[in-house]
Amino acid sequence: MIFVTGGAGFIGANFVVDWLTPGRAALDEPVLVIDSLTYAGNLANLAAVRGHCGLLFERRDICDGSAVLALLRRHRPRAVVHFAAESHVDRSILGPAEFVRTNIEGTFALLEAARAFVAELCGAERDAFRFLHVSTDEVYGSLSADDPPFSETTAYAPNSPYAASKAASDHLVRAYHHTYALPTLTTNCSNNYGPFQFPEKLIPLVVLHALEGKALPVYGDGQNVRDWLYVGDHCAAIRTVLERGRLGQTYNIGGRQELPNIAVVRAICVLLDELRPRRGGSYAQQITFVKDRPGHDRRYAIDCGKIERELGWLPTESFDSGLRKTIDWYLASADWIAQVRSGKYRDWIELQYGAHVASTAEGTAQVLARGEKGGSEQ
Ligand code: NAD
Ligand code: DAU
């Protein structure tokens, strides 16, 4: 069996569903999900494998190291795949404490539990054990337009409380390998998108706001660049690193799909124009430039040559094909959307965007007239 922390969140749930679904990864190996079910965790994300005899669930906080150690001793997994985290940069700017707690203290508690567990193993069981830490490209900081992409040897320079907390967790993982020979693997991935992404992140937020006639909020000048990877490709990369990665190594994962945010938002509008035509013209009329994110990193780009060369992983989705799949999924998932958009979700949207999202399609729209280079409207 394997343990998956954060397995009720966006990427973790995609990983678990793929792991247990025949025709996808179908590894025929049980999974124990450990998740405290924060606002971002949702058992509905695992509905496709509900009742599967290989799925176990424990509602636990990863900061509770003794509970995790007890689970390790009881189930004796061959691996811990660690997704659990506070993951939203904007929330880390408004409230960093929870990011320090879960991402740093929680990872520390897990590492300590894993270290104690591994010390009790011997022989083949000990050799087989892996602790795979799922991290982000944001630890490397920001690139300018002509900088080379981040490689595994790029110096860490995190710029948001989220990125700093993930960087700290990466350092702890590295230290536990170096000092205690804990069999660790670390992956640093670029922006994911796909089914089950909580609609506070750019792509699902824009899809839902478009359909509801609300403003599509683009921070700053919309020229910040991200590298986008379909979530199923990220999950496949993690499985590859888990099976064949070299101990103590880090692997960058990315889609080689660098796009400025405004291009992402426009691509969503074009697809929605085709799939759910809007009365009165394109959804792009709803695009609205809003105040920039404080400390907003300008560009991320990932050199994923190491995982390609050493482990033979390659993404299978282009941005166009992945985005179409994603939008199809949101269009077909009204129940899931209604469920995750609780009162707390509405409170967050109000806090983050204020009056901008209350606007109607007719009232907001301006960017087409101004062109892509238009500045912030605030
Ligand atoms: P998410 O916010 O959707 O899910 C996080 C999950 O962790 C939720 O199910 C939540 O309930 C759980 N969790 C949070 N705090 C916990 C705690 N203290 N104890 C137990 N469970 C807890 O996040 P995501 O987007 O799925 O990201 C998963 C991981 O991948 C994170 O570590 C993130 O840093 C990393 N990552 C994300 C992206 C991306 O684009 N989303 C890209 C690269 C790396
Ligand atoms: O790079 C990997 C990271 O990608 C992960 O580590 C994080 O967990 C994940 O949340 C994501 O971080 P970002 O900050 O890049 O994702 P987000 O979807 O919040 O924003 C993507 C870009 O879009 C970013 O440049 C900010 C911008 N943006 C975002 C929102 C929510 C907007 O312009 N408007 C918005 O309303």
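Here are the numbers for the structure shown:
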| read-out | value |
| --- | --- |
| Strands (runs of 3 or more DSSP E) (entirely within region 173-264) containing at least 3 residues that are among the hydroxyl-bearing types (Ser, Thr, Tyr) | 184-189 |
| Residue among Ser135, Ser165 that alone is at pLDDT 95 or above, closer than 30 Å to Arg78 by Cβ, of a type in the set (Gly, Ala, Ser) and part of a helix (DSSP H, G or I) | Ser165 |
| Residue that is touching a residue at least 12 places away in the same chain (Cβ under 8 Å) and out of contact with any strand residue (DSSP E or B) (no Cβ under 6 Å at 6 or more places or on another chain), where the choices are Val68, Val31, Val49, Val81 | Val68 |
| Single condition Ile62 does not satisfy, out of (1) in contact with a Phe, Trp or Tyr (Cβ under 9 Å, 6 or more places away or on another chain); (2) over 16 Å from Cys235 (Cβ atoms); (3) buried (at least 23 other Cβ atoms within 10 Å of the Cβ) | (1) |
| Candidates Ala119, Ala84, Ala114, filtered to the one that is farther than 24 Å from Val231 by Cβ and crowded, with 24+ Cβ neighbours inside 10 Å | Ala114 |
| Residue check, Glu98 within 15 Å of ligand 2 (Cβ to nearest atom), within 19 Å of the chain's Cα centre (by Cα), in contact (Cβ under 8 Å) with a residue 60 or more places away in the chain and closer than 30 Å to Ile349 by Cβ | no |
| Options Val218, Val173, Val206; residue that is buried (at least 19 other Cβ atoms within 10 Å of the Cβ) and under 18 Å from the mean Cα position of the chain (by Cα) | Val206 |
| Answer residue from region 5-48, given it is charged (D, E, K, R) and outside any helix (DSSP H, G or I) and is surrounded by the most Cβ atoms within 10 Å (Cβ to Cβ) among those | Asp35 |
| Selection within region 124-138 - of a type in the set (D, E, K, R) and in contact (Cβ under 8 Å) with a residue 60 or more places away in the chain | Arg130, Asp137, Glu138 |
| Subset of region 96-128 [more than 11 Å from ligand 1 (Cβ to nearest atom) and among the acidic types (Asp, Glu)] | Glu112, Glu120, Glu125, Asp127 |
| Only one of Gly281, Gly255, Gly248 that is of a type outside the set (Phe, Trp, Tyr) and modelled with pLDDT under 95 | Gly255 |
| Flag for Arg279 being touching a residue at least 60 places away in the same chain (Cβ under 8 Å) and away from ligand 1 (no atom under 16 Å from the Cβ) | no |
| Test result for Ala215, touching a residue at least 40 places away in the same chain (Cβ under 8 Å), of a type in the set (Gly, Ala, Ser) and more than 15 Å from ligand 1 (Cβ to nearest atom) | yes |
| Within region 282-314, tally of residues that are among the hydroxyl-bearing types (Ser, Thr, Tyr) and within 16 Å of ligand 1 (Cβ to nearest atom) | 1 |
| Of the criteria (1) among the basic types (Lys, Arg); (2) free of Cβ contacts under 8 Å to residues at least 24 places away in the same chain; (3) not in a helix (DSSP H, G or I), which one Arg309 fails | (3) |
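The rows are residues; the columns are (1) at pLDDT 95 or above; (2) out of contact with any strand residue (DSSP E or B) (no Cβ under 7 Å at 6 or more places or on another chain); (3) on the phi > 0 side of the Ramachandran plot.
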{"site": "Val290", "(1), (2), (3)": "yes, no, no"}
{"site": "Gly305", "(1), (2), (3)": "yes, yes, no"}
{"site": "Glu310", "(1), (2), (3)": "yes, yes, no"}
{"site": "Phe319", "(1), (2), (3)": "yes, no, no"}
{"site": "Arg324", "(1), (2), (3)": "yes, yes, no"}
{"site": "Ala355", "(1), (2), (3)": "no, yes, no"}
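The values are calculated or read from the model by the stated rules, or taken from the named source; none is laboratory data. Remember, it's a predicted structure, so these values are computed and weren't measured experimentally. Quick reminder, even Gly has a Cβ in these numbers, built from the backbone with ideal geometry, and neighbours come from all protein chains shown.
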